[in-house]
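Novice: Sending over a structure as structure tokens; questions will come in a sec.
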Amino acid sequence: MNEKSLSKEEKKFWQRHFRIEKLEDIQKEWQIIGGYGFGDYQTNEYFYFISLRVPVVHEIILKESYVTDEGVKHMTGFKELTLLYLRKHKEITKTSIPYFNAMKSLESLNITLTSISLTDVYELLDNKSLKEVFLSSEENEENILEKAFTLKERMPNCNIYLDTCFTTEDSGEPIDPIF
């Protein structure tokens, strides 16, 4: 990829999404990508082009966008990514877990209502920087506790939350992690 200019396809992307005409107008650090309700235009291609030019992104918040495992792969290039919210993405599967493991600054991961199960996380997730993981589970209580114990041993500073996206209730009361 030419570092000094934008390809024709890339230029179209930056113009369409950000009204940017020149390479030097692209900021190298972004606080956040996405937001609640802004998923319509976010695709794998969207993250591909951003990953080429923006080395630092702190937060990605997506709900029901068009991103799949391929898009998550592009996100691994973002330095300082601390929050990744991927709620309601059925096309995100356990294939993404090694990408989550590669995100060395990641502290909060929300993968509720994706195709990633507690068993997948139990078998594959090993990111020591994580402090909280939110996921959905349809497992029985005995299986949940066994897997939670193993996850806590592997990632002792990480709280695992099931079937919620928050650490507190609407009333402000804390929600306990599973372990």
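Novice: In region 86-179, what percent of the accessible surface is made up of carbon and sulfur (1.4 Å probe, ligands and nucleic acids excluded)?
Specialist: 48 percent
Novice: I've got another one for you. Towards the positive end of the charge dipole of region 53-135, with charges on Cβ (+1 Lys, Arg; -1 Asp, Glu), say which of Asn110, Thr95, Val54 has the farthest Cα.
Specialist: Val54
Novice: Magnitude of the Cβ-charge dipole of the chain, K/R +1 and D/E -1, about the Cα centre, nearest 20 debye?
Specialist: With Lys and Arg at +1 and Asp and Glu at -1, about 1040 debye.
Novice: Moving on. Compute the angle between helix 141-154 and the longest alpha-carbon principal axis of the chain, please, reported from 0 to 90 degrees and rounded to the nearest 10.
Specialist: That helix lies at roughly 60 degrees to the long axis.
Novice: Still on this structure, please answer the following. May I ask you to rank Ser171, Ser7 by accessible area, largest first, using a 1.4 Å probe over the protein chains only?
Specialist: Result, largest first: Ser171, Ser7.
Novice: Which residues' amide hydrogens lie under 5 Å from the amide hydrogen of Glu80, considering only partners 5 or more residues apart or on another chain, with H built in the peptide plane?
Specialist: Ser105
Novice: Right, something else. What does the helix-only formula give at 222 nm for the chain: each DSSP H stretch with n ≥ 4 adding -39500 (n - 2.57), the total divided by the residues, and the result rounded to the nearest 500 deg cm²/dmol?
Specialist: -8500 deg cm²/dmol
Novice: Right, here's the next one. To the nearest 10 square angstrom, what accessible area does Asp25 show with a 1.4 Å probe?
Specialist: Number for this one is 80 Å².
Novice: While we're looking at this one, here's another question. Go through region 114-131 residue by residue and turn each phi into a ³J(HN,Hα) via Karplus (6.51, -1.76, 1.60, θ = phi - 60°); whole Hz please, and just put x for glycine and proline.
Specialist: Residue by residue, region 114-131 yields 9, 8, 8, 9, 4, 4, 4, 4, 4, 7, 10, 6, 8, 10, 5, 7, 5, 10 Hz.
Novice: Just checking my list (1) 1.02; (2) 0.93; (3) 1.49 against Rg/Rh (Cα atoms, Kirkwood Rh) computed from this structure; which label fits?
Specialist: Comparing each candidate, only (1) matches the computed number.
Novice: If you don't mind, there's one more thing I want to ask. Taking the solvent-accessible surface of protein heavy atoms with a 1.4 Å probe, what is the per residue accessible area of region 7-125 in Å²?
Specialist: For region 7-125, the solvent-accessible area averages 49 Å² per residue.
Novice: Right, another one. Treating only the Cβ of Lys, Arg, Asp and Glu as charged (+1, +1, -1, -1), what charge dipole size does region 104-146 show about its Cα centre? Round to the nearest 20 debye.
Specialist: Computed charge dipole of region 104-146: roughly 400 debye.
The values are calculated or read from the model by the stated rules, or taken from the named source; none is laboratory data. All values derive from a computational prediction rather than experimental measurement. FYI the Cβ positions are ideal-geometry reconstructions off the backbone, even for glycines, and counts take in every protein chain you see. Just so you know, the surface numbers come from the protein's heavy atoms only, side chains and all, with ligands and any DNA or RNA stripped out. Shrake-Rupley method; radii C 1.70, N 1.55, O 1.52, S 1.80 Å.
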